[in-house]
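Undergrad: The structure follows.
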Amino acid sequence: MTPIIEVQQVNKAFGGLRVINDCSIQVAKGSITGMIGPNGAGKSTLFNLIAGALMPDSGRVLLEGEDITALSPDARFHKGLLRTFQIAHEFSHMSALENLMMVPPDQPGETLFTTWFKPGRVRAHDAEVRRRALEVIDFIGLYHVRNELAGNLSGGQKKLLELGRTMMTDAKVVLLDEIAAGVNRTLLGDLIGNIKRLNQEMGYTFLVIEHDMDMIAQLCDPVIVLAQGSVMMEGHIDDVQNNPEVIEAYFGGSAA
Ligand SMILES: Nc1ncnc2c1ncn2[C@@H]1O[C@H](COP(=O)(O)OP(=O)(O)OP(=O)(O)O)[C@@H](O)[C@H]1O
Ligand SMILES: [Mg+2]
């Protein structure tokens, strides 16, 4: 197994509260790895540590063997480590296609929100960015609503658009934190299909936090169970769901 992401003995506390406890994980290159665990287990915190939004108190984060612990989120983005962002309020007044065009391949996700956004006006972009955006919007199945304002899209369509924005860059690893929440079944099917295609056709690795067990079962192998800030177990979803310790911690003692 070639790890693309390695988290090595990471600790993180907020005030006196230890949220991540000597946590180590490896995400295999080319995998769609799931992450589950009870509310407050530290899943989103771990994502923030991987993406660089938070710094660990101790421990290291590696991307393709390189220590990226000290790098900013932007620097990590440039190396192909991405998390999806909710469509920001300002962007809801632009069309779906324009939302994709706001993510040129060499622009990091977070700074573009401040540097590229000019109220009331969309920057002129070159034909290449437009061509790529049209390709992406077709791929994610939103070609028919490309000229709709992003704010008018359904919740599920917005999630597809968020996923589409990662395709405007040269992503290697994409972190998805509960993207299924509030998405209807049909669009959830599209979302799952697109994640699989990005994985198979474009070689993206995914790390997916999800409470929706159906989605985890359809998409992820292996699955990492996080409890109280450390890894409780890792394995195929069938083994995870049948593990008594996991059932106790995650499902509160009642079999799911
Ligand atoms: N910035 C912060 N400051 C203080 N405490 C925080 C902060 N972020 C998270 N926490 C606390 O850390 C713990 C883990 O939170 P986290 O959001 O990582 O959990 P989670 O596993 O993602 O939960 P959920 O499944 O509900 O999304 C919680 O007790 C939370 O209240
Ligand atoms: Mg969370």
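Undergrad: Rank Pro56, Pro244, Pro73 by mean-square fluctuation in a GNM of the chain with C-alpha springs under 10 angstrom and give only the top-ranked residue.
TA: Looking only at Pro56, Pro244, Pro73, the biggest GNM fluctuation is shown by Pro244.
Undergrad: Long-range amide H contacts for Met233: which residues qualify at under 5 Å (H placed 1.01 Å from N, peptide plane, sequence gap of 5 or more or a different chain)?
TA: Val225
Undergrad: Could you give the nm distance between label points at Glu178 and Asp238, where each point is 7 Å from its Cα heading toward the beta carbon?
TA: Using points 7 Å along Cα→Cβ, the separation is 3.0 nm.
Undergrad: Have a look at Ala70, Ala41, Ala51 and tell me which one the Gaussian network model of the chain (Cα, springs below 10 Å) gives the largest fluctuation.
TA: Most flexible of the set in this elastic network: Ala70.
Undergrad: Rounded to the nearest 500 deg cm²/dmol, what is the calculated helix-only ellipticity per residue at 222 nm for the chain, with -39500 (n - 2.57) per DSSP H run of length n ≥ 4? Please report the intermediate quantities before stating the final value.
TA: On the way: 10 runs with 92 residues, N = 256.
Calculated at 222 nm, the ellipticity per residue is -10000 deg cm²/dmol.
Undergrad: Sticking with this structure for a sec: Pick out, in residue order, every one of the GluC sites (Glu not before Pro) in region 1-105 that is DSSP loop and has at most 10 other C-beta atoms within 10 Å; say none if there are none. Show your work: numbers first, answer last.
TA: Working: sites: Glu6, Glu64, Glu66, Glu90, Glu98; in loops: Glu64.
Taking region 1-105 and a limit of 10 other Cβ atoms within 10 Å, no loop GluC sites (Glu not before Pro) are found.
Undergrad: Relative contact order of the chain: what whole-number percent is it, with Cα pairs under 8 angstrom and at least 6 residues apart? Don't skip to the answer; put the middle values down first.
TA: On the way: 455 pairs, mean separation 68.5, N = 256.
Once divided by the residue count of the chain, the mean separation gives 27 percent.
Undergrad: Please give the Cα centre distance for region 182-223 versus region 1-80, rounded to the nearest Å.
TA: Centre-to-centre distance over Cα atoms comes out at 20 Å.
Undergrad: Would you mind telling me which residue in Leu161, Leu219, Leu153 has the biggest mean-square fluctuation in a Gaussian network model of the chain, where springs connect alpha carbons within a distance under 10 angstrom?
TA: Ranking Leu161, Leu219, Leu153 by mean-square fluctuation puts Leu153 first.
Undergrad: A further question on this structure: Of the DSSP beta bridges with both residues in the chain, give the percent that are antiparallel, rounding to the nearest 5.
TA: Roughly 60 percent of the beta bridges in the chain run antiparallel, per DSSP.
Bear in mind these aren't lab numbers, they're just calculated from the coordinates by the rules spelled out. All figures in this text were calculated on a predicted structure; none of them were measured in a lab. Heads up, the Cβs are rebuilt from the backbone with ideal geometry, glycines too, and the neighbour counts pull from every protein chain shown.
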